[in-house]
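Read through the structure below, which is laid out as structure tokens, and then see the notes.
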Amino acid sequence: LKVEFPDGVRDLFLNVVNHKITDDTLTVTLSDVFYPISVDLIYKVHYDMDIIERSSVIRNTGNQNIRLEKAYSASFNIPYGGKCYLTSLGSKWTHEYEEERTEVTRARTVIQSGGGVSNSQNFPYFAIDKGQTGRYYGELWFGTLCWSGNFKITVENDVMEQVRITGGISDDDFEWILAPEEIELS
């Protein structure tokens with residue numbers, strides 16, 4: 001999350017202020033210690049599919065507009081590092097959903113679409129494995145974004161050899177003016 005407040009400050013200092021647990025959902029509420037902005041991080045577990053759904057809600061709790069410059073849905077590390085492989089999906093006419101596989105390096109790999117919709121060149125999907133995974137076996141971490149607008153997913157192996165994935169609304173030419181009491185879902 002990257003914002004600019006009316007006084008020009010662009011820093012966030014979010015602290016956990018609350019959490020709520022229901023049968024299948026954890027909501028963690030964070031609030032900035034100086035500025036009127038709060039964020040709900042929502043984790044819903046789909047037990048029958050071994051899937052965690054992640055979303056966020058950004059709230060302007062003040063009385064002036066806040067400018068959002070980046071609003072990703074999630075950022076997380078895969079629980080293992082070292083040599084890993086990224087599978088993404090691209091396509092072209094008559095060759096839909098072609099798998100593209102590369103080694104995850106310290107260089108950032110970006111999967112994105114800027115055409116307003118998920119298009120036939122890149123799909124908002126990634127899969128990470130240790131190289132011992134086939135179509136029907138092995139351990140795999142994957143994710144997809146559940147909308148079809150502009151998106152960006154970045155994958156990188158940091159200096160500690162932890163694979164980090166960040167994804168959400170593309171920040172290329174992105175700006176959203178968040179009015180008081182307005183919310184933004186990502």
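The values are calculated or read from the model by the stated rules, or taken from the named source; none is laboratory data. Owing to the predicted nature of the structure, the values given are computational and were not obtained by experimental measurement. Heads up, the Cβs are rebuilt from the backbone with ideal geometry, glycines too, and the neighbour counts pull from every protein chain shown. The protein model used for the area step is the full one, side chains on, heavy atoms only, and it has no ligands, DNA or RNA in it. Shrake-Rupley method; radii C 1.70, N 1.55, O 1.52, S 1.80 Å.
Under a point-charge model restricted to the Cβ atoms of Lys and Arg (+1) and Asp and Glu (-1), what is the dipole moment magnitude of region 27-118 relative to its Cα centre, in debye to the nearest 20? Walk me through the numbers before you get to the answer.
Working: 10 positive and 11 negative charges, 78 e Å.
My answer is approximately 380 debye.
For region 32-137, take the convex hull of the Cα atoms, compute a quarter of its surface area, and give me that in nm², please.
Values: hull surface 42.1 nm².
Mean shadow area of the hull around the Cα atoms is 10.5 nm².
Please calculate how many Å² of accessible area the chain carries per residue, with a 1.4 Å probe and no DNA, RNA or ligand atoms counted.
On the way: 11330 Å² over 186 residues.
Per-residue accessible area for the chain comes out at 61 Å².
Compute, for SER75, the solvent-accessible surface of its heavy atoms (probe 1.4 Å) with the complete set of protein chains present, and express it in square angstrom to the nearest 10.
Answer for SER75: close to 70 Å² accessible.
Give me the percent of accessible area attributable to carbon and sulfur for the chain, probe 1.4 angstrom. Walk me through the numbers before you get to the answer.
Working: 5790 of 11330 Å².
Summing carbon and sulfur atoms, their accessible area is 51 percent of the total for the chain.
Taking all protein chains together and a probe of 1.4 Å, list VAL57, VAL9, VAL16 from the most accessible to the least accessible.
On the way: VAL57 15, VAL9 45, VAL16 100 Å².
My answer, sorted largest first, is VAL16, VAL9, VAL57.
Can you list the GluC sites (Glu not before Pro) in region 128-162 that are in a DSSP coil and have 14 or fewer other beta carbons within 10 angstrom?
Hits after loop and neighbour filter: GLU139, GLU161.
So which lysines can LYS70 reach, going by Cα to Cα under 21 Å and dropping same-chain residues fewer than 8 places off?
LYS2, LYS152
Quote the charge dipole size of region 1-155 about the Cα centre in Debye, to the nearest 20; the model charges only the Cβ of Lys and Arg (+1) and of Asp and Glu (-1). Walk me through the numbers before you get to the answer.
Details: 16 positive and 18 negative charges, 84 e Å.
Around 400 debye, computed over region 1-155.
Find which of HIS46, GLY82, PHE34 sits farthest along the positive direction of the dipole of region 4-129, computed with +1 on the beta-carbon of Lys and Arg, -1 on that of Asp and Glu, about the Cα centre.
About the Cα centre, the residue reaching furthest to the positive side is PHE34.
Sorted by accessible area with a 1.4 angstrom probe, largest first, how do TYR137, TYR43 fall?
Values: TYR137 145, TYR43 75 Å².
Accessible-area ranking of TYR137, TYR43, largest first: TYR137, TYR43.
Could you please state, rounded to a whole Å, how far the C-alpha centre of region 41-90 is from the C-alpha centre of region 4-28?
13
Which aspartates and glutamates have a Cα less than 15 Å from the Cα of LYS20, not counting those fewer than 8 places away in the same chain?
ASP40
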